[in-house]
Amino acid sequence: MVYYSKQADSDLDEILEGLLSWKKHTLTREFCLDYVSDIITVCDSLDTKTYHFDVVYEIHKHYGKKVHKYSRNNATTWYIIYDVDLLNNIYINKIINNHLTVL
């Protein structure tokens with residue numbers, strides 16, 4: 001089962017808001033909703049993974065022990081930071097992109 005923290009829910013809302021108000025390109029509401037839906041689909045599949053990667057970046061370590069990288073395109077990778085319990089339940093704590101991840 002996959003569970004979302006309040007922070008992860010807020011992250012998804014902020015991603016949608018950011019896409020809708022992006023000044024560089026005008027994006028349709030449908031595109032923005034589909035984009036966030038794709039991230040949610042990836043998140044919801046994490047409990048089917050047989051291996052979970054440990055976080056590497058210091059900023060990620062504040063939010064959980066495991067990370068899944070979702071490459072949306074050549075410029076943007078989303079890091080889904082989460083914890084796993086003994087029953088393979090996933091607790092998503094933070095969703096952050098490579099533009100905000102600092103070494």
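Coordinate-derived values only; no laboratory data. Being a predicted model, the structure only gives us computed values, none of them experimental. As a convention, Cβ positions derive from the backbone with ideal geometry for all residues, glycine included, and neighbour counts pool all protein chains shown.
Write down Rg/Rh for the chain, rounded to two decimals, with Rg from the C-alpha atoms and Rh from the Kirkwood relation over Cα pairs.
Result for the chain is an Rg/Rh of 0.97.
Restricting to DSSP H runs of at least four residues, report the calculated mean residue ellipticity at 222 nm for the chain, -39500 (n - 2.57) per run over all residues, nearest 500 deg cm²/dmol.
Dividing the helical sum by the residues of the chain leaves -10500 deg cm²/dmol.
Once both axes come from the Cα atoms, what is the angle between helix 29-44 and the longest principal axis of the chain, in degrees from 0 to 90, rounded to 10?
With both axes taken from Cα atoms, the answer is about 10 degrees.
Treat the stretch 1-47 as a sphere of radius equal to its Kirkwood radius over Cα pairs and apply Stokes-Einstein at 37 °C in a medium of 0.692 mPa s; give the translational diffusion coefficient in µm²/s, rounded to a whole number.
Diffusion coefficient, whole number: 288 µm²/s.
Is there a pair in LYS24/LYS69; LYS23/LYS94; LYS24/LYS94; LYS23/LYS61; LYS6/LYS61; LYS23/LYS65 whose C-alpha atoms are over 29 Å apart, and which pairs would that be?
Check vs 29 Å cut-off fails for LYS23/LYS61; LYS23/LYS65.
Between the stretch 1-23 and the stretch 31-88, what is the C-alpha centre distance in whole Å?
Their Cα centres are 13 Å away from one another.
If the elastic network links every pair of Cα atoms under 10 Å, which of LEU19, LEU86, LEU46 fluctuates the most in the Gaussian network model of the chain?
In the Gaussian network model the winner is LEU86.
Which net charge results when you count Lys and Arg as +1 and Asp and Glu as -1 among the other residues whose beta-carbon is under 12 Å from that of ASP38?
-1
Subtract the Cα-Cα distance of LYS23 and LEU87 from 0.36 nm times their separation in residues, and report this length gain in nm to one decimal.
Fully extending the segment from LYS23 to LEU87 adds 18.7 nm.
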